[in-house]
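To keep things clear, I will list the structure first and then write my remarks on it.
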Amino acid sequence: MSRQSQTKGKQVRLTTFDNEPTARMAEQRLLEEGIPSVVRSLGVGPGLWGTAYNLPHALDVLQSDAVQAAEVLDLPPAELAESEGGKTGSGRYSNLVLIIIGIAIAFVLIFVAPRFTQFSRFWD
């Protein structure tokens, strides 16, 4: 089979990993088995944060290779992962919560804390 005929077909998301190194290891494992795959950063991408280490990454494969790739990586069937809520979406929401908490702490430190320090000088 020629290389061009191997690359034709629809790409599907096989799974999502919490970070790039884990996704790259899975990509290498599939490559060892002769299954082509693509790792893509989800969300804002590495340019905004300066690193892609802690951003979720998707692993895409050709639709015709999806079943074999899932077996190689020992992934549960898609129906089971979806019924359990999957790990793919929960990481995204927990990151959002951490960002909101960080913004709230920064707001308090920038706008509220200086007012209390002015009053403490007054009382001394």
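Derivation of every value follows stated rules applied to the coordinates shown; laboratory data play no part. Treat the numbers as computed from the prediction; the structure is a model and nothing was measured. Because the Cβ atoms are built from the backbone with ideal geometry, glycine has one as well, and the counts that use them run over all protein chains shown.
List of remarks:
- Under-5 Å amide H pairs with ASN19, H placed in peptide plane, nonlocal only: HIS57
- Full-stretch length increase - ILE110, VAL12 - with 0.36 nm per residue and alpha-carbon distance subtracted: 30.8 nm
- 3J(HN,Hα) from dihedral phi, region 25-37, Karplus parametrisation 6.51/-1.76/1.60, rounded to Hz, x for glycine, proline: 5, 5, 4, 5, 4, 5, 4, 4, 8, x, 9, x, 8
- Per-pair calculated FRET efficiency, R0 = 25 Å: ASN95 and MET25 via Cβ, rounded to 0.05: 0.75
- Other residues lying with their Cβ under 11 Å from the Cβ of GLU71 contribute a combined charge of -3, Lys and Arg counting +1, Asp and Glu -1.
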